[in-house]
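Student: Below is a structure I'd like to ask you about.
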Amino acid sequence: MTTFVDRVELHVAAGNGGHGCASVHREKFKPLGGPDGGNGGRGGDVILVVDQSVTTLLEYHHSPHRKATNGKPGEGDNRAGKDGQDLVLYVPDGTVILDKKGNVLADLVGHGTTYVAAQGGRGGLGNAALSSARRKAPGFALLGEPGDLDDIVLELKTVADVALVGYPSAGKSSLISVLSAAKPKIADYPFTTLVPNLGVVTAGSTVYTIADVPGLIPGASQGRGLGLEFLRHVERCSVLVHVLDTATLESDRDPVSDLDIIEEELKQYGGLDDRPRVVVLNKIDIPDGQDLAEMIRPDLEERGYRVFEVSAVARTGLKELSFALADIVAQARAAKPVEEATRIVIRPKAVDDAGFTVTYDEQEDVYRVRGEKPERWVRQTDFNNDEAVGYLADRLNRLGVEEALMKAGARAGDGVAIGSEENAVVFDWEPTLMAGAEMLGRRGEDHRLEAPRPAAQRRRDRQAERDDPEREYDEFNPF
């Protein structure tokens, strides 16, 4: 059974906003006491939070679908709906958030760091909030907005100061077990270590973390063995330590060629050229290992490597190694720029920024309106209620959408789409010279949506002539 997972695909869904309520206050001797519909509740967010006690993404591997709760709808008597509960997902320190295309959305480093993966939908306004001097008793309410739906990828990159790299069975796990209090599984067969092991080392006044990266063999950067799966865990380290086996029993291998092969794999992976390197010649407690270490050490030092001869079993040379690594880590920490407090930057919108765009889509033969406000208003409109549709027309007209359509060349009867191609509301545009509550009829109706009926009008005119044949009609003043 898998016990360590460092990459998962997560399907997150925020909660939907609750619908607003359309209600009229009623009590004894006061049958029409005014609108009292409450607002809908906000949908819950999906939030990722770094927790130091979490070390793997295993939980999300087994349950990749996560959804926050919806907001409750509003009720009469001005009772607002309850907000949905946020869904908090705890992730390990060093988790990177990516979209499906591989673009980095967030890099979560540090306990308590948060990222909102999916935003909850707004609750719809009730008719009490929509009432005004001209619209005293709205017969409609706004719908709640749907919450965000998204597919994201979580990748864990171990937060360590020192990374141990090398061939399987080179002694990385043994070395980390004696340098720190970590207790990894140790055996003499390849691929004993299947997960990165992390340990904490104290050298004088410096405390640093050390990790071993399992499974590096030729072709690891192309996916052979376990290397590609865990190479990402060396990206955050300050120093790379090559652990070379000086007592290998394989006749076709030697420590120098092992070093060259691992360096080539790191080069192919990319992004690690600026990290300082240290070479550790391990297993010098074996006579043949000691002889080989003395033989190859001058060659490695000529290449510019700092070389240490150690034995994890006999525990020789470990103190010098731990203090040398502590010095390198301290220098790397001192070279990092000082993190400043996050500055709050306010970017007001330009005076001439309408907040939407109007473009002509030749393929679909429609004028497409894109913008945060128009698209949100469309999502909140109940198209089964004529008065709600009329209210939407008023809002779009006040925003300047109708004027922008005229400037773009739209004419009466042309198709207009509000929203993206996948989820747009399309209608035939009929320009109006005036729009407002004064044109509304009975509650729940809007005469602007009534289709013209010339035949019915002619019948009414003929009936009026029969009732009063002597009446003269003025074309410009029929009254």
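Student: Could you give each residue of segment 405-414 its phi-based ³J(HN,Hα) in whole Hz, using Karplus coefficients 6.51, -1.76, 1.60 with θ = phi - 60°, and x for Gly or Pro?
Tutor: 3J(HN,Hα) across segment 405-414, in whole Hz: 5, 4, 5, 6, x, 6, 10, 4, x, 6.
Student: Going down the table (K82/K136; K172/K267; K336/K373; K157/K283; K136/K373; K267/K319), which pairs top 32 Å between alpha carbons? Walk me through the intermediate numbers first.
Tutor: Numbers: K82/K136 26 Å; K172/K267 21 Å; K336/K373 43 Å; K157/K283 29 Å; K136/K373 24 Å; K267/K319 30 Å.
Distance filter (> 32 Å) returns K336/K373.
Student: Sort K283, K336 by heavy-atom solvent-accessible area, probe 1.4 angstrom, most to least. Walk me through the intermediate numbers first.
Tutor: Values: K283 55, K336 125 Å².
From most accessible down to least: K336, K283.
Student: If you filter segment 245-299 for GluC sites (Glu not before Pro), then keep DSSP loop positions with at most 16 other Cβ within 10 Å, what is left? Could the numbers behind the result be given before it?
Tutor: Details: sites: E250, E263, E264, E265, E294; in loops: E250.
Passing both the DSSP loop test and the Cβ count: E250.
Student: With a 1.4 Å probe and all protein chains in place, put H19, H242 in order of accessible area, largest first.
Tutor: Values: H19 90, H242 0 Å².
So the residues, ranked largest to smallest area, are H19, H242.
The values are calculated or read from the model by the stated rules, or taken from the named source; none is laboratory data. Worth saying up front: this structure is predicted, and the values here are computed from it rather than measured. We place every Cβ from the backbone using ideal geometry, glycine too, and count neighbours over all the protein chains shown. SASA here: full protein model, heavy atoms, side chains in, ligands and nucleic acids out. Shrake-Rupley method; radii C 1.70, N 1.55, O 1.52, S 1.80 Å.
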